[in-house]
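These notes concern the structure reproduced below.
The values are calculated or read from the model by the stated rules, or taken from the named source; none is laboratory data. In this text the structure is predicted, and so the values were computed from the model without any measurement. In this analysis, Cβ positions are derived from the backbone assuming ideal geometry, glycine residues included, and neighbour counts consider all displayed protein chains. The area values use the complete protein model at the heavy-atom level, side chains included, leaving out ligands, DNA and RNA. Shrake-Rupley method; radii C 1.70, N 1.55, O 1.52, S 1.80 Å.
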Amino acid sequence: MPTRFTLIAILVSLFVIMGVTGCDKTVSGPVVRIGYMNCNSAAETLQRFKPLTAYLSEQLGRPCEAVPVDTQDFEEQFAAGAFDFGHFNSLLYIILKENQDVQLLATEKRGQFGSSTAGAIIVRRDSSIQSLADLRGKRMIYGPQLAPTGYLAQYNLMLDAGIDPERDLDYYAIPRGSFKHEKVIYGVYFGAFDAAAAPVLDLEIMTREGKISANDFRVLAQSEIIPYCTFGAAKNVDEELAVKFRQALLELGPDTTVTIDGEQVKVLKAAWIDGFEQREDRDYDLIRKMARRANMPPYQEF
Amino acid sequence: MFQDRFDRLLFAGLLLTVAVLAGLLITAPIDASHVSGRVMDRQLEQEMSYQARIAFLTRRYQPVIVQLGQGALPEALLTLEEISRDLPGEVHSDLLRGDVFFRMGQLDRALTNLAVAVRQNPDYVDSASPLNQRQLIDAVVSQGMPQLRDRLRAQPGNRSLEQVLKDGYYLQSRLAGGCE
């Protein structure tokens, strides 16, 4: 039989342990899987989003796992329940909304346009091409097909100008591998193509980094401003968890840090993100209009 | 205290020197022109530095002004990005960015950028300043604020919009001026 003194000692020890462990937020329960759309490579995606995932884990009190996903595979994996939350471009958002009833959580802010961005058609400053009409019979380079501001926006700009990229261009190409948007811009810069479908954000970042100069190109046309990359939740995710997830994203500031491998890391800086903004589904209607016009998913008809 | 005659002589000499110095100090005329000259110099320096700054901004941002005039708005934003790389923290870039966004119809981005510019340099709302941009700021505020309030009504609790609204109110207040 334990004595009264032993019982008191055990009780005190338990209180001390609870006090010490209570200083940190406890993380427990089933793993929350977050799918991140790859920009350049799976390794880069994991490195970028590891701190954000750790932060979300702390805020949700649940273990979170980052899953890098190829853009083309995103919908299939989402439909198969491979993850609870996803980070994807705005075209993927309308596809997932239409087909998988994804819940809109928050939109990423990056660059001069904040949580919005645009696509541009550029030519070299010294090009003889002066207008979209001059693109007939020319060689053009686009970003990947599911890129809202690297393909869709420019495809629409051309359709609006009465040019069918499939028939009226001499040829159009899509670069392979990583850093596609940079390759598109360099494709025109080095004269391999006459015109390029360049995301405005990439032009801005490359100019800021000194890779290109503002005088290197002329912008033939710029699309309407549309929402940028977006976080969404699968329809079966518990509403309370989704609200907490959104709240955690909106509360992120430039000085928010997490500990990764013993180092304090700034979450937003690591993820190349300026912050998050709450937007409405109707803000994405412009992209829906573009996708319909360009006969692209989720409205594609054969 | 005095050991010999030499000590007394030394002490008398010291007293005389102190008396003469005190007399000089009391009778010395105050050179008002010298003081006012220094103030004038400082004012001149400030004026010259201000004029030099305006000349510098005009020259450095001339390509952006030309692009704005031509309606080349995306190019203007890229040029501003390039200038910001060379002159980080120069709020004239924020002011012109606000102008570009206004012309693009991006009123919330325009409000945010203009608020940054005015917070750092109130000359933009000073009608007597060569940097005066009251007309632009007034147009952005009067068009942007009703739109923002509508959006916020539809999305209460949207902190990004609330922040832009605060920037708008700040600009409104700067345009109105202080108590008179």
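Numbers below:
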| read-out | value |
| --- | --- |
| Among A:A291, A:A79, A:A196, residue whose mean-square fluctuation peaks in a GNM of chain A (springs only between Cα atoms under 10 Å) | A:A79 |
| Kirkwood-based Rg to Rh ratio, segment B:99-180, C-alpha trace | 0.98 |
| Among A:253-263, B:136-146, the order from most to least packed when residues are scored by Cβ within 10 Å on average | B:136-146, A:253-263 |
| Buried on assembly, segment B:63-110 (at least 40 Å² less accessible surface than by itself, 1.4 Å probe) | B:P74, B:E75, B:L78, B:E81, B:E82, B:R85, B:Q106, B:R109 |
| Alpha-carbon centroids, segment A:149-192 and segment A:259-299: separation in whole Å | 22 Å |
| Simple spin-label estimate for A:A42 and B:A19 in nanometres, 7 Å along Cα-Cβ | 10.2 nm |
| Sites B:Q135 and A:K266 - FRET efficiency at Förster radius 35 Å, r taken between beta-carbons, to 0.05 | 0.30 |
| Contact surface A-B: accessible area buried, both sides summed, square angstrom, 1.4 angstrom probe | 2000 Å² |
| Average partner coverage of A:114-126, which counts Cβ from other chains inside 10 Å | 2 |
| Per residue accessible area in Å² of segment A:186-302, where ligands, DNA and RNA are left out and the probe is 1.4 Å | 48 Å² |
| For chain A: relative contact order, % (alpha-carbon pairs under 8 angstrom, 6 or more apart) | 25 percent |
| Unsatisfied cross-links (Cα-Cα over 20 Å) in the set A:K50/A:K269; A:K109/A:K269; A:K180/A:K289; A:K138/A:K289; A:K50/A:K109; A:K97/A:K269 | A:K180/A:K289; A:K138/A:K289; A:K97/A:K269 |
| Relative contact order, percent, chain B [alpha-carbon distance under 8 Å, six or more residues apart] | 13 percent |
| D (Stokes-Einstein, µm²/s), Kirkwood Cα radius, segment A:119-224, 1.567 mPa s at 4 °C | 98 µm²/s |
| Carbon and sulfur %, accessible surface of the protein assembly as shown computed with the full protein complex present, 1.4 Å | 54 percent |
| Kirkwood Rh, Cα atoms: Rg over Rh of chain B | 1.43 |
| Listing of segment A:191-208 residues, each with accessible area lower by at least 40 Å² in the full protein assembly than in the chain alone (probe 1.4 Å) | A:T207, A:R208 |
| Relative contact order (percent, whole number), segment B:88-180, Cα cutoff 8 Å, 6+ residue spacing | 26 percent |
| Accessible surface ranking that places the most exposed of B:S129, A:S131 first, with a 1.4 angstrom probe | A:S131, B:S129 |
